[in-house]
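Below is one structure, written out as structure tokens; comments come after it.
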Amino acid sequence: MKSSKEFIVETIVKTLNDLVDTLPDDQKFEPHLNTILFGTGSTIDSLTLVSFIVDLESLLSEEYSQSISLTDDRAMTREKSPFSSINDLAEYIEEIIDPALVKKM
């Protein structure tokens, strides 16, 4: 059985891989836990980041049967951005998901 964080990381990586597949060959990369999503050293541009966030919110909202917003005030006012890396995003998502709805996959 996977932990909720493992499932979240897999969902993030799958969603990002789906977008990476649409990028030109010279922009493709292999996502990993430390992949920077936003800011200095980011591997994706802002438009790709927005598409990724929308796709991920949709998948997670469906999976956990709750509305999930990754760009609300709670996310934007954190000292460390949840978009610093895939790992940071997974930890943030784990924090905001209603524990009663978390599935062990």
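Only lysine pairs 8 or more places apart or on separate chains count here, and in the chain those with Cα atoms under 20 Å apart total 10. Seen against the Cα atoms of the chain and their longest principal axis, helix 46-64 is set at about 20 degrees.
Modelled this way, with points 7 Å down the Cα-to-C-beta line, the labels at residue 6 and residue 22 are 3.0 nm from one another.
Positive end of the dipole of the stretch 4-101 (Cβ unit charges, origin at the Cα centre): among 85, 27, 67, the Cα lying farthest that way belongs to 85.
A helix-only calculation puts the chain at -15500 deg cm²/dmol for mean residue ellipticity at 222 nm, using -39500 (n - 2.57) for each DSSP H run of at least four residues, averaged over all residues. About its Cα centre, the dipole of the stretch 42-81 is roughly 180 debye, where the only charges are +1 on Lys and Arg Cβ and -1 on Asp and Glu Cβ. Based on Cα contacts under 8 Å between residues 6+ apart, the chain shows a relative contact order of 40 percent.
How do the peptides 64-76, 7-19 rank, highest first, by the average count of neighbouring beta carbon atoms within 10 Å per residue?
Values: 64-76: 13.1, 7-19: 18.2.
Going from most to least packed, we get 7-19, 64-76.
Each peptide in 24-35, 79-90 receives the mean, over its residues, of other Cβ atoms within 10 Å, and ordering these scores from highest gives 79-90, 24-35.
Values in this text are rule-based calculations from the coordinates and carry no lab data. As the structure is a prediction and not an experimental result, all values here were calculated from the model. Please note: Cβ atoms are built from the backbone with ideal geometry, for glycine as well, and neighbour counts cover all protein chains shown.
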